[in-house]
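A short write-up of the structure that comes next.
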Amino acid sequence: MELESDNYDVIVLGTGLAESIAAASLAKAGKTVLHLDPNDYYGGEQASLTLDELVEWSTNQSSISASSSSSSSASTGSVSYSRLTTTELTPSLNNDRRRYALSLFPSLLPSRGSLIDTLIASDVSKYVSFRLLDSVSVWDLENDEARRVPGSKEEVFKDKSVGLLDKRRLMKFLMFAGGEFEDDDLLKGKETQPLLDFLQESFAIPPSLATSITFAIAHCSSPQDETLPALIRTRRYLRSIGRYGPSPFLVGQYGGAGEVAQGFCRACAVFGGTYILGSSAKPESIETSDTGVTVKIPSHPRPVTASHLISSPNHLPPSISINSASSSSSSSGESKVTANCVAVLSSLPKALRRRKPVQPEDEVEKSEEGEEDSKDEENDDTAVILFPPEGEGSLVRAFVMGEGTGSCPPGQFILYLSTSATADTSPANILQPYLQRLSPEPLFEAYYLSHRSSAASSNSEPNPTSPVIVLRPYGDAELLTEGLDWEAKEGERAYYAIMGEGTEEGRGFFEKGESEEEEMGIGADDL
């Protein structure tokens, strides 16, 4: 495929979520965009893959891991993978392999935040669909079962597992966390105190309930997480309740993040963006100068030039990736390692099956056979289960997606497990015990370690004089609840790095102007 032009305003490497948001926003603002991805699929690090694609991805990443150092992600800010294993596909799974949408970036979308605002402003919301998260539970170690955590005022009042006095204390905290607490005397001097201790000391909340709040409402990653950042997250989640329903979180259809990224790619194409995927889009060379970049790709006979290049570190030579960051930024941060599991389950885990509450004997209606009426309620299709740290272990997050999300065939469920780890850890050894608690006989299992620069989300700053805008991968611990909004912020940052902010040329990020038909040159007579 020979391109129509040798020159573009912007070349974007990779179709990850941040790259795709940047490409769509720039194309809408009138820039000519060439969007390349060496992969045969959209989504990059946020891709949604079929079952056979996940197995192939695991094999390819194993080869890459064998030929490179896992510490490279810390020095360049890239994302890398190691210790990848998958079980074999049974004939039944192989026959249905194209019916799965398995995410490399399993995550929830808060109903208030950067990505939801970007989806609405860009009109990409019409290309994608979501559903509410059904429940969040904390694993009760004493009773070895999942216990649902009330997250709203209505749920607190309905919850019979919490006593009246503790309900009042919980409500007092929720009112505090949902307000403007930064200057409150109750918080002064305790901003860095662990939230778990703050809840018990300042609100007299008992340890078991404080644990549930810490991990299931504030979505902390450790009992030592500081109070102020945890409260800021909690406030956003509490204010998200009611925008689209009783849950603060939305779950993306068809794997989630990868489908959203593809929606932004579609928007970019509508506004004139040019796309090439596969090996013919893999740059053979990238050269930078004071005036821009020159990229050579197999699908075009001549070098392609552009004023700017946007890319994640994974698609760039280390010299360009490092030189495109400010000299004051940290490029030697340690790599954050996460153990991951993707499993296909033949049925909903028992821990998530709902039953009607037990009624007092004098109120139980007997059937004709004399048995109690105890029919199942409608079960959850999406859920999060949080396993608090045991001993010296870390928090383990479980994210379940059912057939209603378009992720798997009817009757099956997809389970994602994740926890902090070290580079020499076997992800299967860490996560299999938790998989066994939820589903003793999974149909398929995949395990891997992901390595991300722990400094990427905070210390790495762009070099304003470079024509290359390097997108920083999310590098903190709360990827499940914060990762999508981080990607949206990175896409917006790349947009303003090129368009400018507060200048005559600068247009707002997905700024509303002409109608879509007018921007595409379609007149009223053409409709």
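The values are calculated or read from the model by the stated rules, or taken from the named source; none is laboratory data. Every value quoted in this text rests on a predicted model; they were computed, and no experiment measured them. Neighbour counts are summed over all protein chains in view; Cβ atoms, including those assigned to glycine, are modelled from backbone coordinates with ideal geometry. Just so you know, the surface numbers come from the protein's heavy atoms only, side chains and all, with ligands and any DNA or RNA stripped out. Shrake-Rupley method; radii C 1.70, N 1.55, O 1.52, S 1.80 Å.
Observations
- Every residue from the stretch 124-142 that is surrounded by 18 or more Cβ atoms within 10 Å (Cβ to Cβ) and in a strand (DSSP E or B): Phe130, Arg131, Ser135, Val136, Ser137, Val138, Trp139
- Selected residue [at pLDDT below 95 and open to solvent by 30 Å² or more (accessible area, probe 1.4 Å)] from Ser65, Ser80: Ser65
- Scanning the stretch 261-288 for residues that are more than 13 Å from Tyr8 (Cα to Cα), part of a strand (DSSP E or B) and open to solvent by less than 60 Å² (accessible area, probe 1.4 Å) returns Ile276, Leu277, Ser285, Ile286.
- Criterion violated by Thr118 - all others in (1) surrounded by fewer than 21 Cβ atoms within 10 Å (Cβ to Cβ); (2) among the hydroxyl-bearing types (Ser, Thr, Tyr); (3) at pLDDT 95 or above satisfied: (1)
- Picking from residues in the stretch 402-450 that are more than 26 Å from Arg131 (Cβ to Cβ) and acidic (Asp, Glu), the one that is most open to solvent (accessible area, probe 1.4 Å) is Glu441.
- Strands (runs of 3 or more DSSP E) contained entirely in the stretch 1-119, each with at least 3 residues that are within 28 Å of Ala383 (Cβ to Cβ): 79-86
- If you go through the stretch 176-207 and pick out every residue that is small (Gly, Ala, Ser) and surrounded by 16 or more Cβ atoms within 10 Å (Cβ to Cβ), you end up with 3.
- Only residues that are outside any loop (DSSP other than H, G, I, E, B), open to solvent by 30 Å² or more (accessible area, probe 1.4 Å) and more than 29 Å from Phe198 (Cα to Cα) were counted in the stretch 230-260, giving 1.
- Ser111 touching a residue at least 40 places away in the same chain (Cβ under 8 Å), open to solvent by less than 10 Å² (accessible area, probe 1.4 Å), over 23 Å from Ala18 (Cα atoms) and polar (S, T, N, Q): no
- Of all residues in the stretch 451-486, those that are at pLDDT 95 or above, open to solvent by 10 Å² or more (accessible area, probe 1.4 Å) and not hydrophobic (A, V, I, L, M, F, W, C) total 1.
- Qualifying residue in the stretch 88-101 (condition: β-branched (Val, Ile, Thr) and open to solvent by less than 50 Å² (accessible area, probe 1.4 Å)): no
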